[in-house]
Amino acid sequence: MSTALPPADQLLYTPEAAAKVLSYGRSTIYELMAEGLLKYVKRGRSRRIRRSDLEAYVNGLDPTTH
């Protein structure tokens, strides 16, 4: 199993690949999609997350200070 990140020019990510990019667990990605916090496209049974939607999710995170 490869631990290399997907190429920067990749447009669509599987939930598994998105989890690696965000350093989240796979189930967390599915939860975010189910809650509507992470947009995705569906084609048949396949779900894919656009790079722009990953970036929008990250940009919308509220940083906390300790």
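Numbers at a glance
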| item | result |
| --- | --- |
| Residue that is least open to solvent (accessible area, probe 1.4 Å) [pool: residues in the stretch 9-45 that are part of a strand (DSSP E or B) and either without any contact (Cβ under 8 Å) to a residue 12 or more places away in the chain or of a type in the set (D, E, K, R) (or both)] | K42 |
| Qualifying residue in the stretch 58-65 (condition: touching a strand residue (DSSP E or B) at 6+ places or on another chain (Cβ under 9 Å) and either modelled with pLDDT of 95 or more or assigned to a helix (DSSP H, G or I) (or both)) | no |
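The values are calculated or read from the model by the stated rules, or taken from the named source; none is laboratory data. Bear in mind the structure is a predicted one, so any value in this text is a computation, not a measurement. So basically every Cβ, Gly included, is an ideal-geometry build from the backbone, and we count neighbours across all protein chains shown. Ligands, DNA and RNA are excluded from the accessible area calculation, which covers all protein heavy atoms including side chains. Shrake-Rupley method; radii C 1.70, N 1.55, O 1.52, S 1.80 Å.
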